[in-house]
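Here's the structure, in structure tokens; my notes come after.
The values are calculated or read from the model by the stated rules, or taken from the named source; none is laboratory data. Worth saying up front: this structure is predicted, and the values here are computed from it rather than measured. A quick note on method: Cβ atoms are made from the backbone with ideal geometry, for glycine too, and the neighbour counts reach across all protein chains shown.
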Amino acid sequence: MSVSGVRVKATLTALMMSLLVAGCGSSQPADETLVPPEARGTFPVTVEHKYGSTTVEKQPSRIVTLGLSDHDAVLALGIRPVGAVDWFKERPYGKWPWTQALWGDRPPEIVGERDDYNFEKIAALKPDLILAQYSGMKKEQYDKLSQLAPVVAQPPKFEDYAAPWREMTRMVGRSLGLAQKADDLIAGIDARFAKARAEHPEFAKLSMVVADTFEAGKFSAFTTTDPKMIFMTELGFQPHPPVVKESEPAKNVVDVTSERFDLFDADRLVWLNSDAGAEARVRADPVYGRLKVSAGKRDLFITYENPPVGAAISFNTVLSVPYAIEQLVPKLAAVPGE
């Protein structure tokens, strides 16, 4: 090996050792100020996940969430993560009404965007638990991060980004030693869904498409594995059979041009406005105007922000679902009938 090669190897080794020393949060005592009494769990716990099983020996206090919406479940269980990844460019604190009060004056460090993690920033936070539920974490990332702290990867038996919100909430609850508290939160939301279905039995008789137009001339219908359609089916709506037929495994959308707008002609059609001109762009399309759902004014356009109803059903978490039910059910009920 050349002298330069020895120097490179020595530098890399020194860097890795410094990261491991900086990041060995699992050996640190829990910071009691980060975990209120009502959020302290029972340990040890062992959690099964995509890459095997992980044992959390004691109360974690410095939690890093690498799933796009994992922080919501942690917040709901009473702990504020010290690190999180970005999604929607929303800097996941202080923006959404269902989390603003829970973050308070302790925003997390941003340690990556989607599945692109900043290993150095994570290590510097000295985590004692890393969660990656709503994520696409790879095995090599899991192995590398496991050198810093216990890592609970994606739920087993589901494709990445396809696990139901209940399962992810339960996974987080088990990881925090708060399995019963997680079950109680889920039961409360189940009761809200049941109440909405009971008050609007007509929903169960109607087919539903949730759609978006991310760019001019291209239209997307979300499949049954997407959080937005999962939310609608939990309200009682039925997936529109033509969209189901066109769905492909591991894809959360069916993309079409306006020539295939027939796929969208369900009993109800909910559009998410990805930009200010989305509604005008869709309504201006002559093919769209001939659809029964459009002519009958049985379509509904909602925003991702201001108010963030679209964001709430996109997150589809233990915190955002109650907000979405409150905001969206009255709008759906006001759509004209057949």
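Are any residues in the range 288-332 among the β-branched types (Val, Ile, Thr) and in contact with a strand residue (DSSP E or B) (Cβ under 7 Å, 6 or more places away or on another chain), and if so, which ones? Explain how you work it out, then say what you get.
First pass over the range 288-332, keeping only residues among the β-branched types (Val, Ile, Thr): 293, 302-303, 309, 313, 317-318, 321, 325, 329.
Selection gives Val293, Ile302, Thr303, Val309.
Within the range 186-205, is even one residue modelled with pLDDT of 95 or more and part of a strand (DSSP E or B)? First the steps, then the outcome.
Initially, the range 186-205 is screened for residues modelled with pLDDT of 95 or more, giving 186-205.
When the remaining residues are screened for being part of a strand (DSSP E or B), the result is none.
The answer is no; no qualifying residue exists.
Which one of these is of a type in the set (Lys, Arg), in contact with a helix residue (DSSP H, G or I) (Cβ under 6 Å, 6 or more places away or on another chain), more than 23 Å from Glu167 (Cα to Cα) and not in a helix (DSSP H, G or I): Lys89, Lys126, Lys95?
Selected residue: Lys126, the only one of Lys89, Lys126, Lys95 that is of a type in the set (Lys, Arg), in contact with a helix residue (DSSP H, G or I) (Cβ under 6 Å, 6 or more places away or on another chain), more than 23 Å from Glu167 (Cα to Cα) and not in a helix (DSSP H, G or I).
Screening the range 266-280 for residues that are surrounded by fewer than 21 Cβ atoms within 10 Å (Cβ to Cβ) and either without any contact (Cβ under 8 Å) to a residue 24 or more places away in the chain or farther than 26 Å from Trp96 by Cβ (or both) and picking the one that is nearest to the chain's Cα centre (by Cα) gives Asp275. Spot the failing condition for Glu32; the list is (1) in contact with a helix residue (DSSP H, G or I) (Cβ under 6 Å, 6 or more places away or on another chain); (2) among the charged types (D, E, K, R); (3) modelled with pLDDT under 95, and only one is missed. Exception for Glu32: condition (1). Is it the case that the range 42-65 has a residue that's within 26 Å of Ala311 (Cβ to Cβ), part of a helix (DSSP H, G or I), in contact (Cβ under 8 Å) with a residue 24 or more places away in the chain and out of contact with any Phe, Trp or Tyr (no Cβ under 9 Å at 6 or more places or on another chain)? No, the range 42-65 contains no residue that is within 26 Å of Ala311 (Cβ to Cβ), part of a helix (DSSP H, G or I), in contact (Cβ under 8 Å) with a residue 24 or more places away in the chain and out of contact with any Phe, Trp or Tyr (no Cβ under 9 Å at 6 or more places or on another chain).
Summed over the range 218-251, the residues that are hydrophobic (A, V, I, L, M, F, W, C), touching a helix residue (DSSP H, G or I) at 6+ places or on another chain (Cβ under 9 Å) and in a loop (DSSP other than H, G, I, E, B) give a count of 2.
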